[in-house]
Amino acid sequence: MSEKHLQTGDALPAYGGKLRVFAMRFCPYAERTILVLNAKNLQYDTVFVNLDHKPEWVFNYSPKGTVPALEYEEGKGIFDSNIINFYLDEKYPDVALQSTDPLRRAEDKIVVELFAAAQTAFYTAAYNAQALQPKQVEDFHKGLETLQATLKERGTKFLHGDYPGLVDYTLFPFLERFEALPLVGKPEFALSKDKYELLVTYIETMKVAPAVKPYYLTPDTHAKFIESRNKGDANYNMLDTSAVCCMRPRKKKE
Ligand SMILES: N[C@@H](CCC(=O)N[C@@H](CS)C(=O)NCC(=O)O)C(=O)O
């Protein structure tokens, strides 16, 4: 998979006959969809998009120009991570990622809803630090405490059960990025092992889940991206190895 982000003026790669995701490598919403596709063992192509200089064609799949979008048939798309992921779970039920119990499904949605304030606090802390209020640090920790309490109450390895489900793949991309906050000068967002023992164990277990591991990025990498974006020049292509050229080492003069 090329990690190069296409931009205004770049051509849309030819359709390969598979599902195709439009994503940005550091976007947590796009990661949600990638994890669900991986969990379902679906074949798909990925097109990474530069969100500061969007290619014209991205709007054909995502009218608001946001990622993720999913091309489910040639030239036809749906957008928004939740919409896409519920669609995928219904369309490809072989690996079911939601409970069969309607009440548990509702409870999973509540878990996601109660986590939203922590997500908002993360975005402010990472990208708009001058607007950060103590209330948001409180909200962040309240969100994590609630999540940890839910894990304890359910008593299962993952929120979904013995294996991760939609609820886990929806929250994890944010938990992955939360660990970068202390590295960008926000120590008040650290997840102390004492306070969050169960939650930290859960995060570590999610990192190595088969659907997550190949796409997971370290806190250090996320911190580098956050810093580049805050400098006004988001380094979308920092993981793009295709840009490394293959110069032959010069022969030493004898
Ligand atoms: N609610 C949307 C949010 C997606 C979103 O905001 N994605 C960001 C990147 S992380 C984006 O596309 N930003 C570009 C823009 O808003 O123009 C979802 O769940 O897919």
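The values are calculated or read from the model by the stated rules, or taken from the named source; none is laboratory data. Just so it is clear, the model here is predicted, and its values are computed rather than measured. Don't worry about glycine lacking a Cβ; one is built from the backbone with ideal geometry, like all the others, and counts go over all protein chains shown. The accessibility values were calculated without ligands, DNA or RNA, using every heavy atom of the protein model including side chains. Shrake-Rupley method; radii C 1.70, N 1.55, O 1.52, S 1.80 Å.
Using a 1.4 angstrom probe with every protein chain in place, what is the largest-first accessible-area order of 203, 110? The partial results should precede the final answer.
Working: 203 0, 110 95 Å².
So, going from the largest accessible area down, we get 110, 203.
I'd like to check one number: the per residue accessible area of the range 5-91, probe 1.4 Å, reported in Å² as a whole number.
Numbers: 3640 Å² over 87 residues.
I get 42 Å² per residue for this part.
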Point to revise | Distance from the range 126-186 to the range 61-102 (C-alpha centre basis), Å | key: 23 Å
**Study point:** Cβ-placed point charges (K, R +1; D, E -1), dipole of the chain about Cα centre in debye, nearest 20
**Key:** 920 debye
Check your understanding: Applying the Karplus parametrisation 6.51 cos²θ - 1.76 cosθ + 1.60 with θ = phi - 60° to the phi angles of the range 128-139, what ³J(HN,Hα) value in whole Hz is obtained for each residue in order, glycine and proline being reported as x?
Key -> 9, 4, 5, 9, 5, 10, x, 4, 6, 5, 4, 4
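Which order, highest average first, do 71-78, 60-67 follow once you tally other Cβ atoms within 10 Å for each residue and take the mean per peptide?
Peptide ranking by packing, descending: 60-67, 71-78.
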Practice item. Please turn the phi angles of the range 55-64 into ³J(HN,Hα) values with the Karplus equation 6.51 cos²θ - 1.76 cosθ + 1.60 (θ = phi - 60°), one per residue in order, whole Hz, x for glycine and proline. Key: x, 4, 5, 5, 5, 5, 9, 9, x, 8
Study note, to complete from the structure: Length gained, residue 15-residue 60, 0.36 nm per residue minus C-alpha separation, equals 14.8 nm
Review point. What are the principal axis extents of the Cα atoms in the chain, in Å, biggest first?
Key: 66, 44, 41
Review point. Which order, highest average first, do 228-234, 158-164 follow once you tally other Cβ atoms within 10 Å for each residue and take the mean per peptide?
Key: 158-164, 228-234
Exercise for review: With only Lys, Arg, Asp and Glu charged, each at its Cβ (+1 for the first two, -1 for the last two), find how big the charge dipole of the range 109-220 is about the Cα centre; round to the nearest 20 debye.
Suggested key: 100 debye
Practice item. Take 184, 167 and sort them by solvent-accessible surface of the protein heavy atoms, 1.4 Å probe, largest at the top. Key: 184, 167
Practice item. Please report the Cα spread of the range 23-121 along all three principal axes, rounded to whole Å, starting with the longest. Key: 42, 35, 20
**Study point:** ³J(HN,Hα) computed for each position of the range 90-100 - Karplus, 6.51 cos²θ - 1.76 cosθ + 1.60, integer Hz, glycine/proline x
**Key:** 7, 6, 10, x, 4, 9, 7, 10, 10, 5, 7
